[in-house]
Structures are given as structure tokens and as C-alpha cells.
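Asker: Before we start, here is the structure in question, set down as C-alpha cells.
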Amino acid sequence: MADFTNRRKNVRIVGPFDGSRPGLVDMPLQIYDLSVGGCFVNSVHQAPHRGQVFSIQIELPTGETLVAKGEMAFVRPGFGYGVKFCELSDENRVRLESAIEMLQHSGAARA
């Protein structure tokens, strides 16, 4: 029988948060389940290919913008795709950790 225990290591914030995939034309995104490790992108647009690395920007509730490189980890057809952060500067990590801590105190985060 499969083990369906929660394998997530990081505290997550449910969201939603506004975000975008910068490019020739910035693609607006709705971000959910945001953590230091990654997020879920609710999107009807074509998902990146599995393993593809791309830039992502996320508007944090602190008013700051998180900028990271993410790798597409999985697709949920009709819902969106999971992103694993693979490049997150120390400055952006601190921004994200501060936002998570702030929301954790408000009860918006989950383990």
C-alpha cells in the first residue's frame, strides 16, 4: 500500500498570491501553497515542461516582490503545476521567510 504521508519539509502559506512568469510577454499567475521550497501555480496556460527551469516573481503580503528561478516539478491537468525553487538568493529567502513568519502568526500558514 502506498504511503501518502505529507512529505513536505517547509511551512506553507495557502495564498493566493499574485505572481508572474517574466518573458517576452509577462504571464500573470495565481500562486498557492507558497513555501521556502516552492509553490503551486494555479494556471490554465500551458505548463512548462517537467524539469524546465524558469523565472518566477511573486508579490508577497509584505509588499515586497520575491524573484526566483523555479523548476517545474509536476502537473495537475486542469489545475496548474508545482514549482520547486532551485535558485533563491539569500535576500529573497529572507524576504520569503519573513512573510511566512508574519503569516504564521496570523494563522494563515500550515505545516
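The values are calculated or read from the model by the stated rules, or taken from the named source; none is laboratory data. Please read all numbers here as calculations on a predicted model, not as lab measurements. Note: ideal-geometry Cβ built from the backbone for every residue, glycine included; neighbour counts use all protein chains shown. Quick note on the areas: whole protein, heavy atoms, side chains included, nothing else; ligands and nucleic acids left out. Shrake-Rupley method; radii C 1.70, N 1.55, O 1.52, S 1.80 Å.
Asker: Within the range 1-59, which residues are assigned to a strand (DSSP E or B), open to solvent by 40 Å² or more (accessible area, probe 1.4 Å) and modelled with pLDDT under 90?
Answerer: Answer for the range 1-59, where residues must be assigned to a strand (DSSP E or B), open to solvent by 40 Å² or more (accessible area, probe 1.4 Å) and modelled with pLDDT under 90: just Met27.
Per-residue answers, yes or no, for (1) in contact (Cβ under 8 Å) with a residue 12 or more places away in the chain; (2) aliphatic (A, V, I, L, M); (3) touching a helix residue (DSSP H, G or I) at 6+ places or on another chain (Cβ under 6 Å):
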{"residue": "Ser55", "(1), (2), (3)": "yes, no, no"}
{"residue": "Glu64", "(1), (2), (3)": "yes, no, yes"}
{"residue": "Ile100", "(1), (2), (3)": "yes, yes, no"}
{"residue": "Leu103", "(1), (2), (3)": "yes, yes, no"}
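Asker: Do you know which residues across the range 14-46 are of a type in the set (A, V, I, L, M, F, W, C) and farther than 11 Å from Glu71 by Cα?
Answerer: Listed by number, the residues that qualify are Val14, Phe17, Leu24, Val25, Met27, Leu29, Ile31, Leu34, Val36, Phe40, Val41, Val44.
Asker: OK, next. Would you point out the residue of the range 83-98, among those that are touching a residue at least 40 places away in the same chain (Cβ under 8 Å) and more than 13 Å from Phe17 (Cβ to Cβ), that is most open to solvent (accessible area, probe 1.4 Å)?
Answerer: Per the criteria, the residue is Lys84.
Asker: Right, Gly80: under 19 Å from Met102 (Cα atoms) and either open to solvent by less than 70 Å² (accessible area, probe 1.4 Å) or among the aliphatic types (A, V, I, L, M) (or both) or not?
Answerer: When the stated conditions are applied, Gly80 does not pass them.
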